[in-house]
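These notes are about the structure you will find just below.
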Amino acid sequence: MRRVLLMNKKTFAVSYSTNGSKCLSATGAIAARNFNTNRANDRVCSFFSRNNNSNDNSNSRSNYLGNGNGDGDDGAHYLTNVDIINRRRRRRRRVRRREYRCYSTNNSTNNSSTNNKQKVLVITGPTAIGKSKLAIEIALKLGAAEIVSSDSIQVYKDLDVGANKVTLEERQSIAHHMIDICDPTDKNDAFDVYEFYVRAISEIENINGRGNVAIVCGGTGMYLQWLVNGRTLVPKSTVESSMMAKKVVDDIRLKYSSSSNGDVSDNSDNIDDDNNNNTNNAAAMAWDEAIQMLRSKGDLETSEKLARNDWYRLTRALEILESSGGRPKSSFKPTKDETKDFRCFALSMNRVELYRRMDERVEEMVSSGGLLKETEYLLQQGVLPGSNSASRAIGYAQAMKYLLKQKEVVLRRENSSSSSSASSLTKEDLLEFIDELQRETRMYAKRQFTWIRSEPNFEWIDASAGIDKAAEIILKKFNDDDDVGASVKTTIKSNNSQISEVTKEVANELKRYRVELKHFNKEVVINSALDQVRDIISRL
């Protein structure tokens, strides 16, 4: 049994002598013989005599120090080179332990800062899939949650049916934000993705400040991209720059559309086209030429990242090139909000069932008269087709076109004595308007699927099993305390292949897809809608 004491920069080795008393040997850093043994012995003996209560200094010297050479039988030990090495090793171990404790403290601090990020639930998906109902269900289960809309049309007042807003009763049960905050009749409407980002971040901060969970729900891809990935300082889109880029793209698509005698729109699911093979080949050639043009203008990175048939992003990339003087979109890097932990989920279901649901919703919007009345309100306020964001929205754009066309027909018939204006409105025109609106809605849903598949932050959730099941899955993942970003990115590929992609069986069904009218296959519904149109036209 031995211990080492440091005293006046000298080292003492304490052991036990043969008679059981403590013994102390003094040594320097290299060898004990270099010290003045007598002076060292005197100092040591005087120091330890108090502990032994001994008055015999010689005995104290003998008991504590032995013979002073370290070779006696009194059990005293000198520090050897091995002892010095071991002591240095122990010192290094102590230093490493202190460093490890410091690292553990810092690491725990970093983890706590990650866990202290504001968790924000983001729910998106194609139109008519049930995002709003799911968000309300999750908010009710959480108990302390508020919903932030990320829909570009729900921000406008008085546009309830076409935007498919939640009811007032639902808004009273769960607080909703970013709804009814803009005037749809404002011809100088300045609400854009930047305005949404600023307001949405402010709403999320206020919600978290009240101790509630923020649930972002909507299907406008650009809004969600800025919110989740961070805002970018790209040149703002203007009417002139947008029309210029759109004309370039439309010219390419029109060239191949004419050669194929079909539509070169986004036909990734091959619906509503009798000559699918020719149209698909023409669409592929049009896309390849547009991508080649984007590369030749200098935006190679965007051309490689774009999902096929993502015409909207391609057009926007061309617009940025023209507005920035040739600077590509990829050179504008987003600035992400690191204080928030966005946990993003996207809903998907069988594509045929989803399209049936969309078609029926369009019929309900028209048969109820809500969409037509809201469109009448825009026209009466002097809003012309394509003059602002509200008039360009799917639903209102087609309804404006239909109502104005029918008004022209009525005026033309009134000026002619061949027939009365009452017979000028035909069932065929009404059904053509409904069919166009259904087709545009399906095409918009396909663009939403295309955008979500290109975003690695979203995890797909199958909504076919119902709202309750989807809410249960999302809540389980959302309440995970770990940072789900890495796990989502590792599983997103398998989720995409299993949930969001179109299987061969579904693709074959889509090729044979035809609209099945649920309401406008009845004459009474058709006549009622035509009466509503007549009333509206008489007031325009």
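Every read-out reported here was derived from the displayed coordinates using simple, explicitly stated rules and does not represent laboratory data. In this text, all values refer to a predicted model and were calculated from it rather than measured experimentally. Neighbour counts run over all protein chains shown; Cβ positions are idealised from the backbone, glycine included.
Within the straight-line cut-off of under 29 Å between alpha carbons, the lysines reachable from LYS518 are LYS131, LYS133, LYS165, LYS373, LYS401, LYS405, LYS407, LYS427, LYS446, LYS469, LYS504, sequence neighbours fewer than 8 places apart in one chain being disregarded. So if we plug the beta-carbon distance of GLU289 and SER387 into 1/(1 + (r/R0)^6) with R0 = 30 Å, what FRET efficiency do we get, rounded to 0.05? So, using R0 = 30 Å, E works out to roughly 0.45. Ranking of ARG92, ARG439, ARG199, ARG308 by neighbouring Cβ atoms within 10 Å, starting from the fewest: ARG92, ARG308, ARG199, ARG439. The lysines within cross-link reach of LYS329, meaning a Cα-to-Cα straight distance under 20 Å and a gap of 8 or more places when in the same chain, are LYS236, LYS246, LYS247, LYS297, LYS305. Subtracting the Cα-Cα distance of ASN281 and LYS504 from their residue separation scaled by 0.36 nm leaves 78.4 nm. The calculated FRET efficiency for SER331 paired with ASP83, based on their beta-carbon distance and R0 = 56 Å, is about 0.30. Within the range 203-230, what residues put their amide N at less than 15 Å from the label point 7 Å along the Cα-to-Cβ vector of LYS117? What the label zone holds, given the 15 Å backbone N cut-off, is 227-230. A straight Cα-to-Cα reach below 16 Å connects LYS477 with the aspartates and glutamates GLU137, ASP341, GLU459, ASP462, ASP468, residues fewer than 8 places away in its own chain not being considered. The label point for VAL239 and the one for TYR377, both projected 7 Å from the Cα toward the Cβ, are 2.4 nm apart.
Between LYS511 and ARG97, what's the calculated FRET efficiency when r is the beta-carbon distance and R0 is 60 Å? Round to 0.05. Efficiency, rounded to the nearest 0.05: 0.30. Here the residues TYR396, TYR256, ranked from fewest to most Cβ neighbours within 10 Å of their Cβ, fall in the order TYR256, TYR396. Each Lys or Arg adds one and each Asp or Glu takes one away; over the other residues whose Cβ falls under 14 Å from the Cβ of VAL409, this sums to +2.
Counting Lys and Arg as +1 and Asp and Glu as -1 over every other residue whose Cβ lies under 13 Å from the Cβ of SER242, the net charge comes to 0. Residue ranges 289-295, 124-130, 146-152, 370-376 sort as 146-152, 124-130, 370-376, 289-295 when ordered by packing (mean number of other C-beta atoms within 10 Å per residue, highest first).
Spin-label pair ARG210-GLU436: with each label point 7 Å from Cα along the Cα-Cβ axis, the two points sit 4.3 nm from one another. Counted residue by residue at 0.36 nm each, then reduced by the alpha carbon distance between them, the extension gain from LYS427 to ARG361 reaches 21.8 nm.
Give the residues of the range 285-319 whose amide nitrogen is closer than 19 Å to a point set 7 Å from the Cα of TYR194 in the direction of its Cβ. Residues passing the 19 Å test: 316-319.
In what sequence do LYS131, LYS518, LYS504 fall when counting other Cβ within 10 Å, fewest first?
Values: LYS131 24, LYS518 14, LYS504 7.
Placing the least packed residue first, the sequence is LYS504, LYS518, LYS131.
Multiply the residue gap between ARG539 and GLU170 by 0.36 nm, knock off their C-alpha separation, and tell me the result in nm, one decimal place. Please report the intermediate quantities before stating the final value.
Working: separation 369, 0.36 × 369 = 132.84 nm, distance 3.31 nm.
Here the segment from ARG539 to GLU170 would lengthen by 129.5 nm.
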